Structure formats: structure tokens, C-alpha cells
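One structure is given below, encoded as C-alpha cells.
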Protein chains: 2
Amino acid sequence: MDEICVNVKRLEENEEQCTHEDKTDPDTVEEKLISSNERSWKPWQQSRSRIRECVLYVKKVLVSFASMEWYCYALLGIITALMSFFMDMTVAKLLNAHQWLYGCLKGHHLLQFLCWTLYPACLCALSTGFAHSICPFSAGSGVPEARAILLGMDMPDYLSLSNLFAKLFGLICTLASGSTVFLGKVGPFVHLSIMVGAFMNRLHVSCRGGKQRAAKGEMLVVASAVGVASCFGAPVSGVLFSIEVMGTHYSVRDYCPCFFAAVCGAITFRLLSVCSRDQETIQALFKTSFSNDLPYQPFEIFIFALLGLFCSTLSCIYLFLHRWALRFVKTNKPISRFLATEKALYSAIVAFLLACFTFYHSAGHFIAAELTMKQLLTSLLDGNCWYTVSQNASVLPEPQNTFWLAWNPSGRSYFQTLGMFITAKVGLLVVACTLPLPAGYFMPVFVYGAAVGRLVGEGSAYLLSDGISSTKSLINPGGYALAGAAAFSGAVTHTLSPALLALEMTGQCSHAVPALVATLVSNAVARAKHRPSFYDGLSLIKQLPHLPSLIRACPKLANVQIKRFVVPAGAVLKRTETLTSVQHILNDSTDSEVPVVDSHDSPILLGTINKAQLRECLQEHRNEGSCKQLEEVCSIQPVRLHLTPESTVKQAHCIMSVTGEQRLFITENGRLCGVITWKEVI
Amino acid sequence: MDEICVNVKRLEENEEQCTHEDKTDPDTVEEKLISSNERSWKPWQQSRSRIRECVLYVKKVLVSFASMEWYCYALLGIITALMSFFMDMTVAKLLNAHQWLYGCLKGHHLLQFLCWTLYPACLCALSTGFAHSICPFSAGSGVPEARAILLGMDMPDYLSLSNLFAKLFGLICTLASGSTVFLGKVGPFVHLSIMVGAFMNRLHVSCRGGKQRAAKGEMLVVASAVGVASCFGAPVSGVLFSIEVMGTHYSVRDYCPCFFAAVCGAITFRLLSVCSRDQETIQALFKTSFSNDLPYQPFEIFIFALLGLFCSTLSCIYLFLHRWALRFVKTNKPISRFLATEKALYSAIVAFLLACFTFYHSAGHFIAAELTMKQLLTSLLDGNCWYTVSQNASVLPEPQNTFWLAWNPSGRSYFQTLGMFITAKVGLLVVACTLPLPAGYFMPVFVYGAAVGRLVGEGSAYLLSDGISSTKSLINPGGYALAGAAAFSGAVTHTLSPALLALEMTGQCSHAVPALVATLVSNAVARAKHRPSFYDGLSLIKQLPHLPSLIRACPKLANVQIKRFVVPAGAVLKRTETLTSVQHILNDSTDSEVPVVDSHDSPILLGTINKAQLRECLQEHRNEGSCKQLEEVCSIQPVRLHLTPESTVKQAHCIMSVTGEQRLFITENGRLCGVITWKEVI
């Protein structure tokens, strides 16, 4: 990858020269280039130069339509969608293999037990071991880290190529362990997409000859949108996610690129499934077929609002348990000592225990554990009312009858199964969240919310089935499952985009208002009293530098003045500095820009000098004697933005994330007091 | 309205006192309030005080659930939706009256002609006359002005109560003149909603006792989302519109309020139509019933992209003609002189001419002019393929048969009618846009785009009807109409939210990808080469201070340094100023804050002093003699943000719109050079 980058860079540098010298004949320039390359002792010079010409021509044609970054956005969408599709395909094959093996062993309970438990245990151990041996940063969801990166923090470890592969492979293993471990793919996928975005950014920078540093943040914001969009084929919710993930200010300039890349990703993802004969045409991922004539009665809006309230209460319990479990794992000495050395073994043991619980002949029978996550979601979003189905279940078509039997096993009603599912899954989810492997926590929460919604919907359908005699149509519990999924996942993550996601995943525009109402209500309750969201909790426990979540945990922080975080500016030059002393200071300093002040006694900030430029100046004037003063040989760049020590942390953060500056100078009455960088802001 | 505000303010001031003195018993405070009020000589003291107690109690209960601003958001949504609904109802009644009269006069061609032409002419004259006599700022769409206001400009004329009434009444008259004049309601409605938002903001400020100035911008951004949402019952596209309209940076803090208020508005708007028995339940405004099994073939994506290209070409022609027409009206001496004095007469004449053209027995026969805008859109979005319908049109149900006959009059095919419609309507639209009355230009463009899409869709259906033998389902031209409407209106306004709007208005999630693809393609072409959008063009012609559109017209402007716009800082205080001279300076200055410098010779900026605070200080120290120096009696507030003269216009604009400051100090080497305010930035 890096080699390709370097090659492309070299090519594009040549290209840059071409465009710079566009008054001269381009052919002569090319010839010059070729002749200069002929001097090198590499093989296949003829064909290489021909290929180079072709590449240059193609690039010229492409750039005449749109600037290079748009191709990068499209490529980002396509690559992410390809990754998403092939990951889904691999996971489906692994899951099928497990189900086939389990089916083959019918009748042998012990063998079935071993198959059910050891398969996910091995996969989880593999995932953890692989992820931690390749890149220890690849464990977890990645969304908290992505949020910190998008806010401007520099975290190269989280964007490395090794992290990408570790995360990709680990995630496939995690997903293949199925509904036993019950983990999802969205979070890591957003992280993966951001890594691809970072590579695209490098490609783009090298395409422009590396001269003009392109806005890195822009590409990463686009990548976060693409991550969600190509995971579910849902472009609009991807864009909304990218807005919400930013936390403070969203640059409207990113809006069009986000939509463009998200649509590219979504189309590619859906077209691939058409090509692989999964679907006849481009359709929603979990397509539902609700009755379209009368989606819901107006009074049901109140039930949806109550559902939102119920979901938010459950989400508070879940978040509390989750934080408690994470803290317990971290502070409990035996476990933390065990985790420090034997991560893979820990994963295997936890996965084994989870599998023991969900085995059909133990508790799995009671919580529909034999369904995969996809089947769970499909069955919960089913447009038929189970109350009606229970009258004549035998007429159901094949897949729906399987789901129906899982939810309605002999001897118990679907209410009991749903209730058990909701009660037991909280604990299982919290335990699964402590696993140190690459995994997403959004999809499990989404499915859980759908179960809560289904329960409420089936309950209302049961209670109101005879009550409303004036209208023919019954209540549709599928709509409640949709709204419940949106509300619960929205409450857990403190976002509104799940409402759109639920609509786009099911292709049901008719339930837009109920889903939004439930999500708004659940968000309102979940956000009250500065409760941290799921991601905030992770950020705090991982001690990530993410200011909005710190502020949510401690609202007073926003108004703290930056006075106490200001650090001395390091190397500072005087206006009248002689060139020899400049040289000394230059060697000590590590920053790329050096501030220049009037004099050391009255350090009025005049501006900055770029270090590279300063070096050039020094080279030029080396022979003219060292008595010359700094201001005579170099032009001082004025500093465009000063802050005073009385500015608050929030202001500094806001200005730094909007302008994208890495360092701000703090002046008091025009005198330089120090600088503030991202590290101190955090 | 103002009286209510004052009353509420007084109440809330009392309330503020209560909360401030919450250590004392609240009852005694209330008693004190009542007794202090008994001294006044107003009637019904007993009942008034009881009502006041009730109001206070209700407020206390409300505030215990959520802060006051959320009630303001909800109220904003509800009020706007009520306005929207009752406007629609009035317009529908007026249109029905016109149609009834026209129907009664069947057989009398002259009378029919007079009825067809004079009704819209009178209404347009009334609209123009009323709008211009009450508030001359109420003419036009209002979106360009709204964009400038949202970017931080202070334009109180555009937010006045008289403007609200003039716009409301004028808009009803404009809409009632029907498809002859062919103007819409979205733009003015966004403006109306922003006016309501400004009032809500005042209410909110007075609720908090006027002490803490609430963020005005926040309420207005929310209002812009509500405007779109309650116009069509489409909350998500409302929020996207509010993001796009901001132009530079969108504060993510506004995101939740936007969604909340938009959902409130949309639900109220749709529930009202349920209450008035228009609809059985909450449904999309222009509900379609496309076949859900196979919405479109994958290869059709290319046709949708081509449709986007076609729409963007047409939009360029339309925008060029529109700008030309506006400039012509402004520069042509006889017309501009006539317009300056006889606006109402001009409107009447133009409307009469338009009506003459669209009369059934002249050209109206060829362009389906007898359909209203709503009927046009419904017929164009029809899910049935007209090619299939043409085989047996007699079996169509009543309303659809009417539409069918309008598009397919005896002797001509629907292709001819659609072609004529598209050709003629460009001219009619451009002429209608010169009318100086409150009117929206989005809906006509949307309908026009739907017609373009329908033409392309019917064309493809006709060409491919026999070609694809492998699949049973034919191409659905309704989907093309949807995508065409989104693409054309997106290209004209340079926005992407129309794609979402088209989906939400029709309730068709299945066509999300085609609509987005067409809109993205059309936007890409329309935005190329810095072409101004519809709103940019209006901003430029009206000379509105909207920087993003100025930059689009002249890209060099972004990098101009603010040096040349800096104005002297006006009244400046010295640190050692005596109190008597402070008094003199205070009387001369008009700003609310006065900068303080070290000395006039070396004007190093120390900070600012609030004028009100300074007055208090002066009052306090009046007796202590006038020899005291300023710094001894007053605390100087430090200035948190300095810019240097080398900052670019874009930077200053960006920082000012993000921080919401109205004035920035410009310092050079710590010395105050001047200030820059919004006026200079523009």
C-alpha cells in the first residue's frame, strides 16, 4: 500500500510540474521525464513509461470532470461497501457451517452441546488473540476513538494498516460466533471506514503532489458517514450519524461529500447483493411488508411515546450495568490480572459460559436462542400480528413458521418468550461487552429494542383487539418493534439517527413519525441529568481525550478558564535575534513554527516563522556573516488568532475544532504568555 | 402580542425573584408580591392574583420536567403547523369557489374567460397591494433574507409583526390564484416560521426574566426546520434544510431541538388533517402506491443518473432566464418606473396575461392548465404507467380519470401534452417570478421537475416495454417523476434536502437511492463553475449581505484580507482616564461595550467595559470626586478573541458566525487597530 502511495506520489509530482509549466508544450515535459527516468537502472523501462503515460492521461481526463477528491470519496464508498459485503458473505458462510454441523448432530445431545459451545469459544479466542497480537488498539467498538479523532486529536495508532487488518479479521470471527455472543458490526465498521478514509486522504495528498495538505478532517467525517451507510445500505442515516458524531460543529462543506460517498457506498453494497443473486433488485436490508393503507391509528402516537419512555428506562438500567461491569472488570484484581496476560483465554471462557446458557436444552429454549441476529430482527419486524397468527400458525410459509416456532415453543406463549428474552439478554449483553475483541455494540442494542417494542406492540394488540370495533385493521406490532429498536438504540447512544436507520433498513416510510416520536422521548429521558451515553462511558473509562463527554460527566469543566492549562511557548525568537543564536534555538525546538516576539522583556507577539522557511533563510545568508538580525532576512507571518488566558476551555475547543489549528497562542495585553495545544485542551 | 409579552415578563421576573430567594418560604414571597400588587388600582385584583398563582404553579411544574426553551420549541412547531393548516384550508376553499364558478358558467365562453382571468388578477393585485402597503419587505420568497438572518445579520424589518401579517395574507391570496400564476408556499413559510421563532425567542428571554440573553440564532435555525416540516409534514427534510441553509457551520447543539420542533410541527399538521376528516390517519401528503415488490431494476439507476443530468441542464436554462428576467425588470426603464409606483397594477396585468395564456380555449388546453398544483403533482406521481392506462382508460376511477383526460385530451397523446407543459412552463414560471408579491418558488420548480421526470419515465417505459421480456413488471414512471422533482428542485436551489422531501411527501422509501442519485448528479452539474443558485441569484440582485453567495459569485473574495475593511474603534478609553472624561466619552459612544487601551500613544488592548456597568460605576463614585482613574473603579473584561489585519474575510466570517459575536477587535502586535462588525464583513 505504502509503495503504491509513493509511486502515485512520484507520478503526481511529475503531473504537478506539468501543470505548473503548462505554458511549455506538455509533450516535451513528458519526454524530459521519460529521459530522466531512463537514466535509472530499473527493468521494463519502455512499458513502465507507457503505463505512466496512460495513468497521466486518465488522470487528466478524470480531473477535467471533477476534482480528485470526489474520486477519492467515491472510492472510499466503494471500498468500504466491498469490505462490508465480503465480510457479510464470509460470516454467513461460517454461520451456515455451524448450523449445518449442529443439525447433523441431531440426537446426540453431548455432541450438540460441544458443537454449540466450542465453536463460538474458539472463534472468540481466535479473534481476541489475533487482534491483540497484531494491534492491541483494535479491540472494542472504535466509535469512542473515532469521535476523538474526528474532533481533531492525533491518534495514528488507531489509523494504522495493522489495525485495519486486525480489526477486519477479528470482527469476522466475532460475528461468526453468532447470536450466542450477540455482538454486532456497526461500530468497528465505522472505525474501519475511517481507517480507509485516512488512507484515501494520504492518496489524495500524494495525488496533489503533497504540496497542499488537504483537510484531513473532511475525509474522516465523510468516512464515518460511509461506515454506517455501507453497513446497512442506508445513506441518509449515515449522514445524520456523521453530524451527530461530531459533537460540536458540523462544517456544512462536508455535507455534499458525505451524501455522495454514502450513496456510492450504499449503492455498491446493495448492487453486490443483487449480483450475488440474494435479491432481485435494490431493496432495504430487512424489507418489511406492513399494510400500507392504515399504518397506525392517530391515538397510537401516545403508545409510541410510552414505548419511548419504557425504552429509556431500560436503557438507563442497561447503561448502569454496563458501566458497573466495565469498572468491575477493571478494578477486580484477579480478573484484571488474568485479563492482562490471558486475554484470549478470558474470551474463550466467557464465550463458553454464554454458549452454555444459550444452549437449546438449557435456557436457550426459553429465549429463542437458536435464531441468528438477522433472523431475530426479521421475525421481530414481521408485519403479521402474532395474536392473529396464533389462531392458525400451520398456514405460515416456511421461514416464518421456523421463527414462529422459536418464539412460541410448545407449552409457552410468545409473551413469556419475549419477556424472558428481554430479562436475560440484558445480563448476557453486559457480559459480552466485557470481551476484549473487536465488536460492535449497536446491533445487539437495536435487536433488543425491537424485542421490547414487539412486546409492547403485541401487548397492545392483545388488549385492544376487541376494543376498537369501529376500525377493521388491528394494531401492527411490527411497527412497534421498529419504533422500539430506534428508541432503545437512540437512548443508549444518545443519538437520533437510529430512527432514520430503522426506517431505511426496513424501507418503511409510513412509520417515520412514530419512530421519531419514540426516539425523541427516549432521548429526552436518557439525556436528562447529564447521564453519559454508551460512548461517553467508554470514553471516560478508556480515558480518551474527548471533551464533550468529559463536559457531560462534569458540566463545570466547560467554564474553566484556560489560564491553568497554558504551557510556555517553548523556543521563542526575538525580533533582533542574530542568525547564530537563531541556529541554536532552531536545533532545540521541535515545533514546525516558532513565535517571534518584540523583545524578551516585553514579549509582544509579532508573528511566527515557519521553521523550514527559516532554515532556507539561514542557508542563503550563511555567507553574509552572522551579525545580521532576524527581521532583516526573514518575513514574519502574522498570527491570525490570539486567545487570552480568560477564554474558557469550551471556547478554545470550539475555535480549535472549527479552524483546525493544532496550536493557539495565548496573549495577555499583546504579550505572549504561552501556547495551548490539543493536549492541554483535553 | 407585545402586551402579553410584557405581562409574562413581569410574572417571570417575580418568579426569578422566587427562585433567587428560594431559602425563604415561597409562600411569603408570593404574599409579598400580591400585597405589592394590591397597592395598584387595577380591577379584579382577587381573580388576577389567583390566575397569576396558577400560572406560576403551572410554570413551576413544567420547568421541573424540562427547561423552558423546549416548550418554546414545541409551541413554535404547533403554531407554525396551525398557520400552515389553516392557510391550506382557506386556499382550498377559495380554489373550490373559483372552480365552482367556472363550472357554473359552462357554455358561456366569454363569461368563463372573464372568470378564469379576472379572479387571479384581482387576487394578485390584492396580495401585492396589501403586502406593499403594510410592509414592503414582505414581497418575495424570504429564503434569501432568512439565510442572511441565520448567518447572524441583524435585520429587524424582516422579523416584524406587520411583516408576518402582510406575508400571511398576501400568501393566501397568491396561493388562491391557483395554477394560473403557479407559485408555491414553502419559501414564505420558512420566513413566517422564522418570524414566529423570533417572537418565541422574545417570549423565552422574557420568561427567564430578560436577564440572560438566550441564543437567538438557535431558535431561528429551529424555526427554519419547522417551516419546511410543517409545510409538508416532513420532519427529516426540514432538519436537513436547516443544515443546508446555514451555509458554513452547523452547531450540533441545534440538532436535537430542530428534530423535536420539526416532529411537533409535522405531527400537528398531519393530526389536524385527520381531525378535519381529510384523511383517516397520519399519512404522507401526496401518498403514492407504487408496487412494493420490485420498485426498479438495477440498470434503471443509470436512467435515473441521466435524468439528473437532463434536469440540471434544464435548471441552468431556467436559472439563466430567471436572472435575465429579474435584471430586465430592474433595468428596463419603463417597467421599473411603472413598478416603482403601480406594483398592484403590474401584478394584475401580469396575472391577467398569464391567465389568458392558460385559458382552456387558448393554450391551456395543451398544457393541462385546468389542474391545480396539487392535482398536477398527484397525477404526475401516479404509480400506474400511462402506456398501460392508454389501453383501457375507461376503467379508471373518478379522480384519476379526470387527471388522465387532462393529460391526454382527445387528439393528442400524453407525450405531446407533457412536452408542451415543460416547454411553456419555463417561460410562465420566469414571468411569474417577477411578480412583487409574497410567494414561494420551490413548489412550482418541484412540480416542473416531476413533469420532466414523468416524461423521461414514460419515454423509457414506452421504449423498454417490449425489450425486457425476462421480467414481468414494467418500468414505473411515477418513480421517475419523484426522482425528477427531487433532482430539478435540488439543482435549482443547490440543495440535497429535496430528495428527502420527495420521499417524505410521497411516503416511498423504496425510491430513496434513485432520488438521491438523480439529485446528486443534478447538483454536481448545477454547482460546477461557481454558478449561483436560485437563492444566491436573488441575494445578489437584492444586494443582501450573504457572504457565501458573494463568494460563489466571486471566489477571490474569500482570500481578501480584512485589513481594508477595518474601521476605527470609535470611542476608546484609556486605562488612566478620569471619571469626568469617561462621562464625556460615554455620551458620545453608541456601542454597548467600550474598549480600554493602555494609553493613546501605545494602544495596547486591555479589554472592554460594558457601558451599563460603567454607568453604574459612575453613579456609585459620583460623590468621590472626579479625579479617580478608570481602572480603580471598574473591572475591565478581557477580550477573548483578537484578529489581526491579515486574517481573511472568510476566517473572520467563520469565527463570527460560530461564536455569535457581533464585533471583533483587530489588533496588530497587541495594539488596537480597529474593529470589524458584520456590516464590514459583508
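The values are calculated or read from the model by the stated rules, or taken from the named source; none is laboratory data. Note that the coordinates shown come from a computational prediction; the quantities given were computed from them, not determined experimentally. So basically every Cβ, Gly included, is an ideal-geometry build from the backbone, and we count neighbours across all protein chains shown. Side chains included, ligands, DNA and RNA excluded: accessible areas come from the protein's heavy atoms. Shrake-Rupley method; radii C 1.70, N 1.55, O 1.52, S 1.80 Å.
How high is the FRET efficiency from residue B:341 to residue B:401, r the C-beta distance, R0 41 Å, rounded to 0.05?
Approximately 0.25, to the nearest 0.05.
Hey, what D do you get for the range A:281-362 in µm²/s if you plug the Kirkwood alpha-carbon radius into Stokes-Einstein at 25 °C and 0.890 mPa s? Numbers along the way, then the final one.
Details: Rh = 17.7 Å.
Roughly 138 µm²/s, to the nearest whole number.
Grab the beta carbon distance between residue B:92 and residue A:413, set R0 = 45 Å, and tell me the FRET efficiency rounded to 0.05. It would help to have the intermediate numbers written out before the result.
Details: r = 50 Å, r/R0 = 1.10.
That pair, residue B:92 with residue A:413, gives E of 0.35.
Averaging the inverse of every distinct alpha carbon separation and then flipping it gives the Kirkwood radius. What is it for the range A:403-512, in angstrom units?
Hydrodynamic radius (Kirkwood, Cα pairs) of the range A:403-512 is 15.3 Å.
Please work out the FRET efficiency for the pair residue B:331 and residue B:527, using the Cβ-Cβ distance as r and a Förster radius of 30 Å; give the result to the nearest 0.05.
That gives a FRET efficiency of 0.65.
List the trypsin sites (Lys or Arg not before Pro) within the range A:57-140 that fall in a DSSP loop (any state other than H, G, I, E or B) and whose Cβ has at most 13 other Cβ atoms within 10 Å.
Those satisfying the criteria are A:106.
Using only Cα positions of the range B:133-214, each an equal point scatterer, no hydration layer, compute I(q)/I(0) via Debye at q = 0.15, 0.19, 0.26 Å⁻¹ and quote the log10 values to two decimals.
Relative scattering, expressed as log10 I(q)/I(0), comes to -0.58, -0.83, -1.25.
Need one number: convex hull volume per residue for the range A:403-460, Cα atoms only, in Å³.
Dividing the Cα hull volume of the range A:403-460 by its residue count gives 89 Å³.
Where the centre of each part is set by its Cα atoms, how far does the range A:340-367 sit from the range B:473-514, in angstrom?
Between the Cα centres of the range A:340-367 and the range B:473-514 lies a distance of 48 Å.
Of B:218, A:69, B:616, which has the most accessible area with a 1.4 Å probe, and how do the rest follow in descending order?
Most to least solvent-accessible, the answer reads B:616, A:69, B:218.
Report, by chain and number, residues whose modeled amide H sits under 5 Å from the one on residue A:597, excluding near sequence neighbours (fewer than 5 apart, same chain).
A:573, A:574, A:575, A:606
Whole Å is fine, so just give me how far the alpha carbon centre of the range B:91-153 lies from that of the range B:223-299.
26 Å
Once you order the gyration tensor axes a ≥ b ≥ c over the Cα atoms, which shape class does the range B:64-276 get: rounded for a/c under 1.5, otherwise prolate or oblate by comparing a/b with b/c? Numbers along the way, then the final one.
On the way: a/c = 2.48, a/b = 1.92, b/c = 1.29.
Verdict is prolate for the range B:64-276.
How much space per residue, in cubic angstrom, does the convex hull of the C-alpha atoms of the range B:320-383 take up?
123 Å³
Dividing the convex hull volume of the Cα atoms of the range B:79-167 by its residue count, what figure in Å³ per residue is obtained?
Value for the range B:79-167: 100 Å³ per residue.
Please compare each pair in A:60/B:529; B:185/B:529; A:574/A:611 to a cut-off of 20 Å on the Cα-Cα distance and tell me which ones are over it.
B:185/B:529
Size of the range A:231-288 along its principal axes in angstrom, Cα-based, largest extent first?
42, 21, 13
Long-range amide H contacts for residue A:140: which residues qualify at under 5 Å (H placed 1.01 Å from N, peptide plane, sequence gap of 5 or more or a different chain)?
Answer set, sorted by chain and number: A:437, A:439.
Using a basic spin-label model with each label point 7 Å from the Cα along Cα→Cβ, how many nm lie between residue A:102 and residue B:391?
4.9 nm
Would you mind computing, in nm to one decimal, how far apart the modelled labels at residue B:349 and residue A:58 are, each placed 7 Å from Cα along Cα→Cβ?
6.2 nm
Can you tally the net charge around residue B:167? Count Lys and Arg as +1, Asp and Glu as -1, for every other residue whose Cβ sits under 15 Å from the Cβ of residue B:167.
Neighbourhood net charge equals -1.
Ignoring everything but the protein chains, give the 1.4 Å probe accessible area of residue B:370 in square angstrom, nearest 10.
Accessible surface of residue B:370 is approximately 70 Å².
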